[in-house]
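Encoded as structure tokens, the structure appears first; notes follow it.
The values are calculated or read from the model by the stated rules, or taken from the named source; none is laboratory data. Keep in mind that this is a model prediction, so the values were computed, not measured. Cβ placement follows ideal geometry from the backbone for every residue including glycine, while neighbour counts extend to all protein chains displayed.
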Amino acid sequence: MTDARPIGMFDSGFGGLTVARALIDLLPEERLVYVGDTGRYPYGPRDLDEVRRFAHEISNYLLDEHDVKLIVVACNTASAAALSELHANLPVPVVDVIEPGVRALVSATRTGRVGVIGTVGTISSGAYQREVEAAHAGVELTCAACPGFVEFVERGDTSSDQVHVLAERLLAPVRDAKVDTLLFGCTHYPYLARTISDVMGREVVLVSSADETAFEVRRMLSGTELEAPKARVTGPSDGSQHRFFSSGDTAWFSTLGGRLFGPELAHAEPVQWR
């Protein structure tokens with residue numbers, strides 16, 4: 001038995017497209033419905049109770065309107081705020097980006113000094129601190145909140161002098177801690193990887209949870225009745241089996257999203273919340 005229903009995924013905006021890209025490349029037979037909540041981004045500075053409400057609202061939309069078979073919370077702040085409740089209350093499996101990212105982080109370090117950068121909401125929630133402790137890896141963790149990074153990405157500015165100056169200031173705690181491995185605790189941050197690498201030094205390994213999350217989805221689906229029929233793919237994907245939604249400016253989402261993601265994101269559809 002197989003299941004042709006789509007996988008649902010959401011983020012506050014464009015950042016989760018890094019996870020979507022990895023998922024589509026790894027599992028080309030699967031269909032994807034992606035919601036970028038750009039009408040309410042950024043999530044990072046918001047109260048976690050508010051983000052929790054958003055996460056439930058979008059998850060229910062994906063279930064009710066698109067009949068998704070699995071939900072990927074491709075937003076670290078939403079994962080930190082709502083993951084346990086989503087696991088408990090939703091009738092489909094839920095995958096987040098935190099646990100796969102931490103698994104990759106602790107396996108990549110050579111010295112045991114590791115860092116995580118994320119939004120104010122994610123870092124202050126303690127979600128990564130708890131996950132690293134639960135891994136029992138014996139590493140020394142330094143965390144740093146990076147307010148402003150998401151806003152630069154959402155404007156399409158990933159390499160200006162202003163971004164570099166901000167990165168110099170915000171990354172000082174993890175640089176001073178001499179970490180050898182740094183995890184992007186926000187799915188927007190891979191778009192700033194070159195700037196972050198310049199500031200941290202090329203010897204520091206940068207870890208994105210996007211690929212690890214895609215591997216986790218494949219592990220959950222492989223050999224189960226939720227796996228899509230293999231016969232669906234007959235050639236290279238043109239993106240027509242995937243749907244992208246934005247709660248903000250759909251023209252901007254299509255334009256910037258297409259540049260960041262690739263040709264499959266040629267058109268974004270609107271979604272409005274009650």
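A few comments on the model shown:
Residues checked against (1) within 14 Å of the chain's Cα centre (by Cα); (2) under 20 Å from residue 214 (Cβ atoms); (3) polar (S, T, N, Q):
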{"position": "63", "(1), (2), (3)": "no, no, no"}
{"position": "66", "(1), (2), (3)": "no, yes, no"}
{"position": "76", "(1), (2), (3)": "yes, yes, yes"}
{"position": "93", "(1), (2), (3)": "no, yes, no"}
{"position": "101", "(1), (2), (3)": "yes, yes, no"}
{"position": "107", "(1), (2), (3)": "no, yes, yes"}
{"position": "129", "(1), (2), (3)": "no, no, yes"}
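Yes/no per residue for (1) in contact (Cβ under 8 Å) with a residue 60 or more places away in the chain; (2) farther than 26 Å from residue 64 by Cα:
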| residue | (1), (2) |
| --- | --- |
| 168 | no, yes |
| 176 | no, yes |
| 181 | yes, yes |
| 186 | yes, yes |
| 190 | yes, yes |
| 198 | no, yes |
| 218 | yes, no |
| 230 | yes, no |
| 270 | no, no |
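- Within region 174-192, tally of residues that are within 17 Å of residue 207 (Cβ to Cβ) and part of a helix (DSSP H, G or I): 6
- Residue in region 44-56 that is under 19 Å from residue 189 (Cβ atoms), at pLDDT 95 or above and outside any loop (DSSP other than H, G, I, E, B) present: yes
- Scope region 142-164; condition in a helix (DSSP H, G or I) and among the charged types (D, E, K, R); matching residues: 151, 154, 161
- Check on residue 83, in contact with a Gly (Cβ under 7 Å, 6 or more places away or on another chain), within 18 Å of residue 8 (Cβ to Cβ), surrounded by 17 or more Cβ atoms within 10 Å (Cβ to Cβ) and assigned by TED's automatic domain parsing to the domain that holds residue 19: no
- Lone qualifier among 132, 163, 153 - being crowded, with 17+ Cβ neighbours inside 10 Å and touching a strand residue (DSSP E or B) at 6+ places or on another chain (Cβ under 9 Å): 132
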